[in-house]
Amino acid sequence: MAFAMDKAVLLDLLAQLSPHRAAYRLLTRLLGRLLLGPMGPHPARLLGSALQLVPATGLGNGCRRAIFRAALAGLALRSTDEALHAGDRCIHLAPGADTALLLARLWERSGAIRRPLEVLAPYEDAHPGPVRRLREQLAHLREGMPEASSDPPEPLTLPEPRRSLYYVAQSLPHHSSGYAIRTHYLLRSLAEEGWTTKCYARYGYPNDRWDFRSRGLVEPHAQVDGVTYCFRPRPHSAPELSPEQYQQAAVDALVDQARAFRPSLIHCASNHVVGLAGTEAARRLGLPSVYEVRGLWHLTRSFRQPAYEGSEHFRMTSSLELQAARRADRVLAITAGVRDLLVAGGVEQGKISLLPNAVDSDLFCPRPPDSALAAALGLRDEVIIGFVGSFAPYEGLQSLLRAVSLLRERVQVPFRLLLVGDGQAMPLLRRRARELEISDLVLFPGRVPHRDVLRYYSLVHIAAYPRAGHQVCELVSPLKPLEAMAMAKAVILSDVGGQADMAEHGRTALFCRKDDLESLAAGLAELVTAPALREQLGRQARRWVRKERSWSNNAETVTRVYCDILAP
């Protein structure tokens, strides 16, 4: 929206400058190069020339700043690096608090901390919030997050035995991500182990999120299948808090909630924002703490934004994750890879236990194909290759489309590809299907209600999870393949580290080499043409999942950790 407004401003300026032929020609060229057409070879030089010409028009510095904002916003849509280069080269020609904020935000998007602080420092009175945030981030990069309070602990009186306060980043009923589902089933299973639990969402959630921007504040409590969820929402429009202000508010809120609930421990889950607040609240109350590292979100961001890896913000986030793990009395890691990364970062190996993903095999169980849904989708007797999940770039779905294109030429068995879900990669995937001329083979039903996921799984013969060979995929495991295995589906997985311990090749699934199109296509061809193999793999996969990856197994692991840290 801001870009569209700046573009309108620039078009208005062009109309005003039309009597000044030289300025008009140069500015129309700038608009065409930076906003509407192919990017010119020297955008910084072009922008600088346009800004230097403005005084001759008599429109003043306001015109310069409007041109700078519009050009930089348009250029950023093409290349963040080019926008940063042009912005740094030309900011002195359009000085102002508004242009400085735009350039600083672009630098922050790249993961920088020092540079945006330098850009905003002369305008601290106009932008005190962003300046304070950046200064605190710079301190965290150097020294970590300080404790929210230096006051001595005030121990919780008479905590209830076998009572756990579970502190999370997001949850049901407001989001049904794999993260939220893992929380829900683990809490249900802990209740079966005799623990009284409540789930407390991080301070501000969910109304501080962009997708709740236009909604009213959620209710402070919700019940889902016997699990109690508690919220301390904060509107998206509330004044911005710096990291340390947020930490203080989050700890204060959690301490108040814990005094009312009286748990015997605090268990917090990724990421460090939750982990640092949860462990600090536990310290203040004299309670033991557990930090559960389910994912490393800075690694996920670095996949979408390769230049982010190694940036100041990346390094700060990595160090804060380690700090949260070091502060906790015990740590639960989702995979051996995450455990090893924590140990390499200085976390004591003896206090780390593995807590992998699991599945409810009573809910996710074999079921006949949903004939009504198949008819609605136009499916007949084809072999259905399916993917159910978020369309994140690292899921390897572009490779899956290319493999399907190869498969069309290699097998005679009719098949279709069913991609259930949504995400940032959706437009690209639709375009790639058209480019590969396989749109007739690919179905995109979009995001479906969680209650309907089983209906779509029932249609799938082969579940494909060809994750890319990126660090986040090597370390963090997905949940969806376990659901497909529990439903006795034949599964093909890439051999990234995060999936390597989910199956045994040839017995409970097939593995293909990560980022290897030919290996993926060959594995799919083998499964499409071998119904007996599909049935065998599915049957053995379900048997393994029921034995090794149940939520009750995970609850037993967590119970052992709880009892260990609560032992006198």
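With a cut-off of at least 1 residues that are closer than 22 Å to His450 by Cβ and without any contact (Cβ under 8 Å) to a residue 12 or more places away in the chain, name the strands (runs of 3 or more DSSP E) lying wholly within the range 182-244.
Counting at least 1 such residues, we get 221-224.
Look at Leu527 and say whether it is crowded, with 18+ Cβ neighbours inside 10 Å, touching a helix residue (DSSP H, G or I) at 6+ places or on another chain (Cβ under 8 Å) and not charged (D, E, K, R).
yes
Which residues, taken from the range 382-399, are assigned to a helix (DSSP H, G or I), crowded, with 19+ Cβ neighbours inside 10 Å and touching a helix residue (DSSP H, G or I) at 6+ places or on another chain (Cβ under 7 Å)?
Matches in the range 382-399: Tyr394, Leu397, Ser399.
For the range 340-394, what are the residues that are closer than 23 Å to Tyr465 by Cα and basic (Lys, Arg)?
The answer is Arg367, and nothing else.
Is there a residue in the range 525-537 that is in contact with a strand residue (DSSP E or B) (Cβ under 9 Å, 6 or more places away or on another chain), modelled with pLDDT of 95 or more and among the acidic types (Asp, Glu)?
Yes: the range 525-537 contains one or more residues that are in contact with a strand residue (DSSP E or B) (Cβ under 9 Å, 6 or more places away or on another chain), modelled with pLDDT of 95 or more and among the acidic types (Asp, Glu).
Could you grab me the full set of residues in the range 292-339 that are among the basic types (Lys, Arg) and within 19 Å of His470 (Cα to Cα)?
Passing the criteria: Arg294, Arg301, Arg304, Arg315, Arg339.
Would you check if Leu106 is surrounded by fewer than 16 Cβ atoms within 10 Å (Cβ to Cβ), within 25 Å of the chain's Cα centre (by Cα) and part of a helix (DSSP H, G or I)?
So Leu106 does not fit the description; no.
May I ask you to list the residues in the range 519-568 that are touching a Cys at 6+ places or on another chain (Cβ under 6 Å) and without any contact (Cβ under 8 Å) to a residue 12 or more places away in the chain?
Ser519
Would you point out which residue out of Val411, Val388 is assigned by TED's automatic domain parsing to the domain that holds Leu517 and closer than 28 Å to Thr335 by Cβ?
Working: Val411 fails: closer than 28 Å to Thr335 by Cβ.
Answer to the check: Val388.
Which one of these is over 29 Å from Glu147 (Cα atoms) and at pLDDT 95 or above: Val224, Val273?
So the residue among Val224, Val273 that is over 29 Å from Glu147 (Cα atoms) and at pLDDT 95 or above is Val224.
Take Gly350 and tell me if it is more than 23 Å from Arg447 (Cβ to Cβ), in contact with a Gly (Cβ under 6 Å, 6 or more places away or on another chain) and not basic (Lys, Arg).
Taking the combined requirement at face value, the residue does not satisfy it.
Which count do you get for residues in the range 287-310 that are outside any helix (DSSP H, G or I) and surrounded by 19 or more Cβ atoms within 10 Å (Cβ to Cβ)? Walk me through how you get there before you give the answer.
Start the filter on the range 287-310 by keeping residues that are outside any helix (DSSP H, G or I), which leaves 287-296, 305, 309-310.
Restricting the remaining residues to those that are surrounded by 19 or more Cβ atoms within 10 Å (Cβ to Cβ) gives 287-296.
Final tally of qualifying residues: 10.
Just name the residue that is modelled with the lowest pLDDT out of those in the range 351-376 that are among the hydroxyl-bearing types (Ser, Thr, Tyr) and not in a helix (DSSP H, G or I).
Across the range 351-376, the extreme among qualifying residues is Ser361.
Can you report the number of residues in the range 364-399 which are in contact with an Asp or Glu (Cβ under 9 Å, 6 or more places away or on another chain) and closer than 25 Å to Asp501 by Cα?
Total meeting the criteria: 8.
Of all the residues that make up the range 433-456, how many are under 22 Å from Thr529 (Cβ atoms) and either of a type in the set (Val, Ile, Thr) or not in a loop (DSSP other than H, G, I, E, B) (or both)?
Residues flagged as under 22 Å from Thr529 (Cβ atoms) and either of a type in the set (Val, Ile, Thr) or not in a loop (DSSP other than H, G, I, E, B) (or both) within the range 433-456 amount to 3.
In the range 80-108, what residues are of a type in the set (Lys, Arg) and touching a residue at least 40 places away in the same chain (Cβ under 8 Å)?
Within the range 80-108, Arg89 is the sole residue that qualifies.
List the residue pairs whose Cβ atoms are under 6 Å apart, where the first residue sits in the range 292-316 and is within 17 Å of Gly497 (Cβ to Cβ), the second is surrounded by fewer than 18 Cβ atoms within 10 Å (Cβ to Cβ) and modelled with pLDDT of 90 or more, and the two are 6 or more positions apart or on different chains.
Short answer, once both residue conditions are applied: Ser302/Glu309.
Taking into account only those residues within the range 411-432 that are at pLDDT below 95 and in a helix (DSSP H, G or I), which is nearest to the chain's Cα centre (by Cα)?
This residue is Met426.
Report whether or not Leu379 is assigned by TED's automatic domain parsing to the domain that holds Ala464, modelled with pLDDT of 95 or more and part of a loop (DSSP other than H, G, I, E, B).
Values: assigned by TED's automatic domain parsing to the domain that holds Ala464: yes; modelled with pLDDT of 95 or more: yes; part of a loop (DSSP other than H, G, I, E, B): yes.
When the stated conditions are applied, Leu379 passes them.
Filter the range 258-286 down to residues that are surrounded by fewer than 24 Cβ atoms within 10 Å (Cβ to Cβ) and either assigned to a loop (DSSP other than H, G, I, E, B) or in contact with a His (Cβ under 6 Å, 6 or more places away or on another chain) (or both), then give me how many there are.
5
The values are calculated or read from the model by the stated rules, or taken from the named source; none is laboratory data. Since this is a predicted model, take the numbers as computed values, not measurements. Methodologically, a virtual Cβ is constructed for each residue, glycine included, from the backbone with ideal geometry; neighbour enumeration extends over all protein chains shown.
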